[in-house]
1. State the label only: which of (i) 45, 30, 30; (ii) 36, 35, 31; (iii) 40, 35, 31 corresponds to Cα extents along the principal axes in Å computed from the shown model?
2. Sort 140, 63 so that the residue with the fewest other Cβ atoms within 10 Å of its own Cβ comes first and the one with the most comes last.
3. 7 Å from Cα along Cα→Cβ at both residue 111 and residue 130: what's the point-to-point distance in nm?
4. How large is the helix-only mean residue ellipticity at 222 nm for the chain, computed as the sum of -39500 (n - 2.57) over DSSP H runs with n ≥ 4, divided by its residue count, in deg cm²/dmol to the nearest 500?
5. Under the Kirkwood approximation for Rh and a Cα-based Rg, what ratio Rg/Rh is obtained for region 13-73?
6. Using the count of nearby Cβ atoms within 10 Å as a rough guide to exposure, how do 68, 132 rank from fewest to most?
7. Exposure proxy check: 123, 109, 17 ranked by fewest other beta carbons within 10 Å?
């Protein structure tokens, strides 16, 4: 992911989330050295992810697939590429947060080997206030 990708990334982000990341959030991530990637199919941006690395770990901050492209295997492809990238930099564990209401995301993460290890109370903004996040991890 590069700064030039941000208009397309933000367009997708705004369509699929009630509380999307802003262009500034993505720009700050890129400029801070976080690992961003876009997934294109036939010249169309179908998904993206942002991941940060720390000593011995990777933290998946955002993995999103455009609405029209969901449930076609693109999320799995992007997640597996992210796991590969984390292993490439010798991360021992990969972490992520997911909304408990995101059944499709949880199913994908569990099918890939992630397990729930904790809860972050009130982590996500929600129409009714705040929603918790499940913290999941994958030993690499």
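Read the figures in this text as sums done on the coordinates, not as results from a lab. On a predicted model such as this, the values are computed, not experimentally measured, just so you know. Cβ atoms come from the backbone with ideal geometry, glycine included; neighbour counts cover every protein chain shown.
1. It is the value labelled (iii).
2. On the way: 140 17, 63 21.
Placing the least packed residue first, the sequence is 140, 63.
3. 3.2
4. Values: 4 runs with 44 residues, N = 140.
My calculation for the chain gives -9500 deg cm²/dmol from helical runs alone.
5. Working: Rg = 12.5 Å, Rh = 12.6 Å.
Radius of gyration over Kirkwood radius for region 13-73 works out to 0.99.
6. On the way: 68 10, 132 16.
Taking fewest neighbouring Cβ atoms as first place, the list is 68, 132.
7. Details: 123 16, 109 24, 17 13.
Lowest count first: 17, 123, 109.
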